[in-house]
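Colleague: Dumping the structure here so I can ask a few things about it.
The values are calculated or read from the model by the stated rules, or taken from the named source; none is laboratory data. Worth saying up front: this structure is predicted, and the values here are computed from it rather than measured. Note: ideal-geometry Cβ built from the backbone for every residue, glycine included; neighbour counts use all protein chains shown. Please note that ligands, DNA and RNA were not included when accessible areas were found on the heavy atoms of the full protein model with its side chains. Shrake-Rupley method; radii C 1.70, N 1.55, O 1.52, S 1.80 Å.
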Amino acid sequence: MYNLECIDCGNKYSKSDVVYTCKCGGLLDIIYDYANINIDMEKLKYEPPTVWKYRDLLPITGNPVTIYEGGTPLYRCDRLAEKIGVKELYVKHEGLNPTGSFKDRGMTVGVSKAIELGMKTVACASTGNTSASLAIYGAKAGIPAIVLLPEGKVAMGKVAQALMHGAKVLSIRGNFDEALALVRTLCDQEKFYLLNSINPYRLEGQKTIGFEIVDQLGLKVPDRVVLPVGNAGNITAIYKGFKEFRELKITDTVPKMCGIQAEGASPIVQAIKSGAESIIPESNPETIATAIRIGDPVNAKKALNAIRESEGTAETVTDEELVQAQRDLAQLEGIGVEPASATSVAGLRKLVEAGVIGSEETVVCVTTGHLLKDPQEVIDACDRPILVDATIEAIRDVVFPK
Ligand SMILES: *Cc1c(COP(=O)(O)O)cnc(C)c1O
Ligand SMILES: [Zn+2]
């Protein structure tokens, strides 16, 4: 049993209502009857490691639309930890989800809910990964998907996925924030089901990242979780996961949530640093990390609350810093990520250098998307392959330079 509840006025909605925000404009949260939920972690050990392992805490009763999302590895990263100067560092590699990003966790729940509500078409605006994920789950469910992308600002791998899985792909002459405003209008007018992260069902799937971290650390809670922030849904969702495990007495604490943004798209960081109640939107967000090139994050209010309530923090990184972190992840740990994902590690390094995060802390960085999502950025950041004649001498000259 669960309700949707407005975080501002407390107004409640039922699970059969098609709503995204409250009448008052506030964001909605999904609240369960926690007193009647019993999770036996011992028993869960024998469940397949997917989002649906935790279905007692998910808002879907029927058969879900699933392609085995979740269950991503939590790598212990000692070489990277040494370079950065923390004792215990883990990377939760969400790039290893079916479409290569954590968006699958939200979409399996979101599209399952669309089917449960009898919706006929699903739609979203996207910086790329949401569209790839919606296209796949729409295909699996057998309903049409419509995606709006900001023209020229979406990484190639993501567009390829959206196209091949059969979504109707529109390239908007405008940025992500404009595309989102448009798709919201379209969904209201046409009764399409909106699957951006303003939809609280998306966040329910994504909170399982928090559950899995606890599970994988042997029911321990890390001191910190550091992750990139764009539309600010994921930081909200992961925090909710930790809070629910505490509520159910599986754990007794929550980690400090640390949100990282690119310097050119950092309204959440600005609000945290200034202590402001709400964000000031950035009208021309700019960064090579296209997944977080967002100036007006819709979940800002929830994210500011997650950061403040958990006594976490927020920091910006430059494009150069995040590319360096991308290289470190790849070359010290064998973890290939897209640029946005590397902000977590770049931000961690900065916060450790500044003494905000202590060297004794146990830290989990979430890497949100796979390297192959954005091959162009990699080609721009790395040297070209070395072209040689097809002779052993030519090869030896390169392998053993004089
Ligand atoms: C969507 C996305 C983000 C940002 O997540 P939000 O929930 O919008 O804050 C970060 N990295 C990648 C790779 C993404 O796809
Ligand atoms: Zn309200």
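Colleague: If I filter the stretch 104-128 down to residues being open to solvent by 10 Å² or more (accessible area, probe 1.4 Å) and touching a residue at least 40 places away in the same chain (Cβ under 8 Å), which single residue comes out as nearest to residue 192 (Cα to Cα)? Spell out how you get there, then give the answer.
Modeller: Within the stretch 104-128, the subset open to solvent by 10 Å² or more (accessible area, probe 1.4 Å) is 115-121, 127.
Right, trim to touching a residue at least 40 places away in the same chain (Cβ under 8 Å) and you get 115-117, 119-121, 127.
Numbers: 115: 12, 116: 14, 117: 11, 119: 7, 120: 7, 121: 5, 127: 20 Å.
Ranking the qualifying residues of the stretch 104-128, first place goes to 121.
Colleague: More than 16 Å from ligand 2 (Cβ to nearest atom), open to solvent by 40 Å² or more (accessible area, probe 1.4 Å), closer than 26 Å to residue 58 by Cα and of a type outside the set (D, E, K, R) - does that describe any residue in the stretch 144-163?
Modeller: yes
Colleague: Scan 170, 219, 182, 186 and give me the residue that is open to solvent by 30 Å² or more (accessible area, probe 1.4 Å) and part of a loop (DSSP other than H, G, I, E, B).
Modeller: Criteria check complete, one pass: 219.
Colleague: Something else about it: Has the stretch 24-31 got any residue that is open to solvent by 80 Å² or more (accessible area, probe 1.4 Å) and within 19 Å of the chain's Cα centre (by Cα)? Reasoning before the result, please.
Modeller: Quick first cut of the stretch 24-31, residues open to solvent by 80 Å² or more (accessible area, probe 1.4 Å) only: none.
No, the stretch 24-31 has no match at all.
Colleague: Kindly indicate whether any position in the stretch 191-205 is open to solvent by less than 30 Å² (accessible area, probe 1.4 Å), in a helix (DSSP H, G or I) and either of a type in the set (Lys, Arg) or farther than 21 Å from residue 97 by Cβ (or both). Can you show your working first?
Modeller: Going through the stretch 191-205, the residues open to solvent by less than 30 Å² (accessible area, probe 1.4 Å) turn out to be 193-205.
Subset that is in a helix (DSSP H, G or I): 200-205.
Keeping just the survivors that are either of a type in the set (Lys, Arg) or farther than 21 Å from residue 97 by Cβ (or both) gives 202.
Yes, there is a match, as at least one residue in the stretch 191-205 is open to solvent by less than 30 Å² (accessible area, probe 1.4 Å), in a helix (DSSP H, G or I) and either of a type in the set (Lys, Arg) or farther than 21 Å from residue 97 by Cβ (or both).
Colleague: Where residues in the stretch 298-345 are farther than 24 Å from residue 155 by Cβ and β-branched (Val, Ile, Thr), which of them is most open to solvent (accessible area, probe 1.4 Å)?
Modeller: Across the stretch 298-345, the extreme among qualifying residues is 313.
Colleague: A further question follows. Right, residue 309: under 26 Å from residue 97 (Cβ atoms), charged (D, E, K, R) and at pLDDT 95 or above or not?
Modeller: no
Colleague: In the stretch 351-377, how many are out of contact with any Gly (no Cβ under 9 Å at 6 or more places or on another chain), open to solvent by 20 Å² or more (accessible area, probe 1.4 Å) and of a type in the set (A, V, I, L, M, F, W, C)?
Modeller: Total meeting the criteria: 2.
Colleague: Would you call residue 277 within 20 Å of the chain's Cα centre (by Cα) and either surrounded by fewer than 21 Cβ atoms within 10 Å (Cβ to Cβ) or not in a loop (DSSP other than H, G, I, E, B) (or both)? Steps first, please.
Modeller: Numbers: within 20 Å of the chain's Cα centre (by Cα): no; either surrounded by fewer than 21 Cβ atoms within 10 Å (Cβ to Cβ) or not in a loop (DSSP other than H, G, I, E, B) (or both): yes.
Here the answer is no, as residue 277 does not meet what is asked.
Colleague: Would you check which residues across the stretch 5-16 are open to solvent by 30 Å² or more (accessible area, probe 1.4 Å), under 26 Å from the mean Cα position of the chain (by Cα) and within 16 Å of ligand 2 (Cβ to nearest atom) and list them?
Modeller: Passing the criteria: 5, 7, 8.
Colleague: Please specify each residue of the stretch 345-380 satisfying the condition of being more than 16 Å from ligand 1 (Cβ to nearest atom) and among the small types (Gly, Ala, Ser).
Modeller: If the condition is that a residue be more than 16 Å from ligand 1 (Cβ to nearest atom) and among the small types (Gly, Ala, Ser), then 354, 355, 358, 359 are the ones that fit.
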